[in-house]
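Accompanying notes for the structure given below.
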Amino acid sequence: MKQAIIVIGIAVLIMLVSLILLCVESKSDRQDELDRVVSAAVKQTVRDSQIQNQTNITSDKEMVAQFIQNMCTSISSDGDIQVKVMGVDYKEGMLDVLVTEKFFYLTGRQEKISTRKCAIYQ
């Protein structure tokens, strides 16, 4: 009986440690993905805005819409994403955004991660 209690205790302890490690790894994976996706989307949008005779981006609002489309097609996580435009100028090829993602851990706790990226066409 004593051995059964020890085995159950060790099993519970292993499960708790595994859950903690999974939560920590989940946040760093999401942060890495958000940084990578936002950076690529900003660069692509700025590059697209400066192509000669292009008709996709003819205003600041269209540039922001193009950025959001580029970002949403690349991201695979299921969190709620909020985009705050800090600065935009489609004529000069400048875009500065702050992207925040809210997600839930397996335990039900909510977490928020953010990244800010800026690109200027040269």
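Springs join every pair of Cα atoms under 10 Å in this Gaussian network model of the chain, and among 79, 87, 108 the largest mean-square fluctuation is at 108.
Take the chain with all the other protein chains still there, run a 1.4 Å probe, and you get 68 Å² of accessible area per residue.
Shown are 39, 114, whose ranking by accessible area with a 1.4 Å probe and every protein chain present, most to least, is 114, 39. Put a plus charge on the Cβ of each Lys and Arg, a minus charge on the Cβ of each Asp and Glu, and nothing anywhere else: the dipole of the chain about its Cα centre is then about 320 debye. Toward the positive end of the charge dipole of the chain, with +1 on the Cβ of Lys and Arg and -1 on the Cβ of Asp and Glu, the farthest Cα among 71, 13, 122 is that of 13. By a 1.4 Å probe calculation restricted to protein chains, residue 86 has an accessible surface near 80 Å², given to the nearest 10.
With respect to the chain, whose longest principal axis is taken over its alpha-carbon atoms, helix 2-49 is tilted by about 0°.
Given the pairs 61/112; 27/91; 91/112; 27/61, which are separated by over 28 angstrom at their Cα positions? Correct reply: 27/91; 91/112; 27/61.
A probe of 1.4 angstrom, applied to the heavy atoms of all protein chains, finds residue 104 with accessible area near 130 square angstrom. Diffusion of the range 1-74 by Stokes-Einstein, at 4 °C in a medium of 1.567 mPa s and with Rh set to the Kirkwood radius over alpha-carbon pairs, works out to 81 µm²/s.
Among 83, 99, 17, 24, the order of accessible area from largest down is 24, 17, 83, 99, computed with a 1.4 Å probe on protein heavy atoms. With a 10 Å cut-off between alpha carbons and a GNM built on the chain, which of 97, 12, 85 moves the most? Sorting by GNM fluctuation, first place goes to 12.
After finding the eigenvalues of the alpha carbon gyration tensor for the range 78-122, what semi-axes result from the square roots of 5 times each, listed largest first in whole Å? Let's see the in-between values first.
Details: eigenvalues 183, 12, 8 Å².
Ellipsoid half-lengths, sorted descending, are 30, 8, 7 Å.
You can think of it this way: the chain between residue 55 and residue 23 has 7.1 nm of extra reach, that is 0.36 nm per residue less the Cα-Cα gap. Helical content alone sets the calculated 222 nm signal of the chain at -18500 deg cm²/dmol, taking -39,500 (n - 2.57) per DSSP H segment of four or more residues and averaging over every residue. Surface composition of the chain: carbon plus sulfur atoms contribute 56% of the solvent-accessible area (1.4 Å probe, protein chains only, all chains present). To the nearest ten degrees, helix 60-74 and the longest principal axis of the Cα atoms of the chain are 40 degrees apart.
Short-range pairs are left out: with C-alpha atoms under 8 Å and at least six residues apart, the relative contact order of the chain is 24 percent.
The values are calculated or read from the model by the stated rules, or taken from the named source; none is laboratory data. Predicted, not measured: the structure shown is a model, and the values here were computed from it. Every residue, glycine among them, receives a Cβ derived from its backbone with ideal geometry; neighbour counts consider all protein chains shown. Heavy atoms of the whole protein, side chains included, go into the accessibility calculation; ligands, DNA and RNA do not. Shrake-Rupley method; radii C 1.70, N 1.55, O 1.52, S 1.80 Å.
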